[in-house]
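Asker: Take this structure first; my questions come after.
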Amino acid sequence: MRRIICIALLFLLCFWAAFVTGLEYMKYKDPKQPINVRIKDLMKRMTLAEKIGQMTQIERTNASADVVKNYFIGSVLSSSGSVPATNASVEAWVNMVNEFQRGALSTGLGIPMIYGIDAVHGHNNVYKATVFPHNVGLSVTRDPQLVKKIGAAMALEVRGTGIVFTPCRCYESYSEDPAIVKATTEKYPVYREIFFPALEKVSPS
C-alpha cells in the first residue's frame, strides 16, 4: 500500500513539475517589462542557431512554414515581382503571410517573423494596388500634406495584406538636400500610427 502511495505521489510530483515548466514566466513576452529587460531575457534563452536564423532574411520562393520553423528564420522577403500567384488577391497575400507566421510562432521561443516587401511609392507587388510617383518626384511638389496622404494610402494597403514593413533605401529618398527631406518626411509618423498604433501612447524615452 505504501509503495502504491509513493508511486502515486511521484506521478503527481512529475505532473506538477511539467505543469509549472509549461507556465514558466518569460519576461521577454511581458509587454509591461522595459524593452532592455525583455531583450536580455530573450537573448539568454536563444541558441546560436536561433540567433543566426533571426538575423537571416530569405526570399519568399525559398520559404515555407516548415523552413521558417526549422531554421528559426527572422524575415521573409518578396523581392521585385515575387508574388504568391499571378494577379494574386489580397486574401492570397494574407494567407501566405499568415502561413509563414504560423511557422515562426510554432518555435520554442515563438518569435514573430518580419515579412519584407518594397512598397516605396505604392504596394506595387500587389495586383491592382495604387502606384504613386517616386519619392524624388513627390518632393518637387513641396507639399508635405500630399506626401502624408500618399503615405497613409500606402500604409493601409500594405497593412491590408498582413504585412508590417516600412523601410526606405537612401537612394529612394526625397532629395539630396537634407532640408527638403526633413520638410517632406516630418509628416510621415502616419506610417507608425497605422502600423503600430500602440506606440503613439508610449513616450520616446
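Residues checked against (1) outside the structural domain of residue 78 (by the TED database); (2) touching a Ser or Thr at 6+ places or on another chain (Cβ under 9 Å); (3) at pLDDT 85 or above; (4) open to solvent by 60 Å² or more (accessible area, probe 1.4 Å):
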residue: 146; (1), (2), (3), (4): yes, no, yes, yes
residue: 153; (1), (2), (3), (4): yes, yes, yes, no
residue: 156; (1), (2), (3), (4): yes, no, yes, yes
residue: 159; (1), (2), (3), (4): yes, no, yes, yes
residue: 163; (1), (2), (3), (4): yes, yes, yes, no
residue: 167; (1), (2), (3), (4): yes, no, no, yes
residue: 173; (1), (2), (3), (4): yes, yes, no, no
residue: 180; (1), (2), (3), (4): yes, yes, yes, no
residue: 183; (1), (2), (3), (4): yes, yes, no, no
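Asker: Further question: Looking at (1) open to solvent by less than 10 Å² (accessible area, probe 1.4 Å); (2) among the aliphatic types (A, V, I, L, M); (3) over 17 Å from the mean Cα position of the chain (by Cα), which one does residue 83 not meet, given that it meets all the others?
Answerer: (1)
Asker: Let me ask you something else. Which one is nearest to residue 97 (Cα to Cα), of the residues in the range 128-162 that are in a helix (DSSP H, G or I) and in contact with a strand residue (DSSP E or B) (Cβ under 9 Å, 6 or more places away or on another chain)?
Answerer: Within the range 128-162, the match that is nearest to residue 97 (Cα to Cα) is 158.
Asker: Under 9 Å between Cβ atoms, at least 6 apart or on separate chains: pull out the pairs that start in the range 52-66 with a residue that is in the same structural domain as residue 93 (by the TED database) and under 18 Å from residue 98 (Cα atoms) and end on any residue that is open to solvent by 50 Å² or more (accessible area, probe 1.4 Å) and assigned to a helix (DSSP H, G or I).
Answerer: Qualifying pairs under 9 Å: 64/99; 65/99; 65/102.
Asker: Please specify each residue of the range 105-126 satisfying the condition of being surrounded by 14 or more Cβ atoms within 10 Å (Cβ to Cβ) and either touching a Lys or Arg at 6+ places or on another chain (Cβ under 7 Å) or part of a loop (DSSP other than H, G, I, E, B) (or both).
Answerer: Hits for the range 105-126 are 107, 109, 111, 113, 118, 119, 120, 121, 123, 124, 125, 126.
The values are calculated or read from the model by the stated rules, or taken from the named source; none is laboratory data. Fair warning: this is a prediction, and the values are worked out from it, not measured in the lab. We place every Cβ from the backbone using ideal geometry, glycine too, and count neighbours over all the protein chains shown. Areas reflect the complete protein model, heavy atoms only, side chains present, ligands, DNA and RNA absent. Shrake-Rupley method; radii C 1.70, N 1.55, O 1.52, S 1.80 Å.
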